[in-house]
Ligand SMILES: NC(=O)c1ccc[n+]([C@@H]2O[C@H](COP(=O)([O-])OP(=O)(O)OC[C@H]3O[C@@H](n4cnc5c(N)ncnc54)[C@H](O)[C@@H]3O)[C@@H](O)[C@H]2O)c1
């Protein structure tokens, strides 16, 4: 049976997800909610929520938030009472108290909060980059017969001074 998904936010990511789900055997979009009704005007009315209170009448397995950090704050706890939640606007979880509230809510309701890998891809990239930069510093310190080369390498190392 297909997983039923609700979308909060119908911008770039929301539209992409809807298009992907149309050809997917494993999931279907049950509803879309966006504060800007213009955004959802082209959709089948039965799949559009016009008010957040209608969330309670939809039975979905997962709600995907792709809207704004405020949407997570406003709707996240409510959603977790009914479904799992995947959050794109991760800065909403930067607030310790709110993050704790969401974790407690998820546990109490036996629901999951999913954090897409895309959100930490940048960090992964920085980590990989850091390893390469450290490597480049070693090379530049050891094989140092070109002052210009040293200077170019160390310019990219955080905290390093050019000779
Ligand atoms: N985690 C990641 O890797 C990642 C990557 C890209 C974007 N994002 C985040 O995902 C979110 C969506 O990105 P996007 O590019 O699709 O944005 P977008 O601006 O294209 O679309 C956002 C949509 O959400 C709607 N919206 C705003 N506040 C709302 C609310 N309170 N309730 C319901 N709908 C609301 C807007 O009207 C808009 O249609 C943003 O917060 C963005 O920062 C996360």
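Annotations
- Only one of 35, 60 that is within 8 Å of the ligand (Cβ to nearest atom) and either crowded, with 16+ Cβ neighbours inside 10 Å or not in a helix (DSSP H, G or I) (or both): 35
- Given (1) within 12 Å of the ligand (Cβ to nearest atom); (2) touching a helix residue (DSSP H, G or I) at 6+ places or on another chain (Cβ under 9 Å), number of the condition residue 5 does not satisfy: (1)
- Residue 26 within 14 Å of the ligand (Cβ to nearest atom), assigned by TED's automatic domain parsing to the domain that holds residue 107 and in contact (Cβ under 8 Å) with a residue 12 or more places away in the chain: no
- Any hit, the stretch 12-21, residues being without any contact (Cβ under 8 Å) to a residue 40 or more places away in the chain, more than 20 Å from residue 85 (Cβ to Cβ) and outside any loop (DSSP other than H, G, I, E, B): yes
- Positions within the stretch 38-50 being surrounded by fewer than 10 Cβ atoms within 10 Å (Cβ to Cβ) and either within 11 Å of the ligand (Cβ to nearest atom) or touching a residue at least 24 places away in the same chain (Cβ under 8 Å) (or both), in sequence order: 38
- Boolean, residue 4 is surrounded by 11 or more Cβ atoms within 10 Å (Cβ to Cβ) and in contact with a strand residue (DSSP E or B) (Cβ under 6 Å, 6 or more places away or on another chain): yes
- Single condition residue 15 does not satisfy, out of (1) modelled with pLDDT under 95; (2) farther than 25 Å from residue 106 by Cβ: (1)
- Restricting the stretch 75-101 to residues that are more than 19 Å from residue 7 (Cβ to Cβ) and within 17 Å of the chain's Cα centre (by Cα), the residue that is surrounded by the most Cβ atoms within 10 Å (Cβ to Cβ): 93
- Those residues of the stretch 63-74 which are within 8 Å of the ligand (Cβ to nearest atom), assigned to a helix (DSSP H, G or I) and out of contact with any strand residue (DSSP E or B) (no Cβ under 6 Å at 6 or more places or on another chain), in sequence order: 69, 70, 74
The values are calculated or read from the model by the stated rules, or taken from the named source; none is laboratory data. What you see is a predicted model; the values in this text were computed from it and never measured. As a convention, Cβ positions derive from the backbone with ideal geometry for all residues, glycine included, and neighbour counts pool all protein chains shown.
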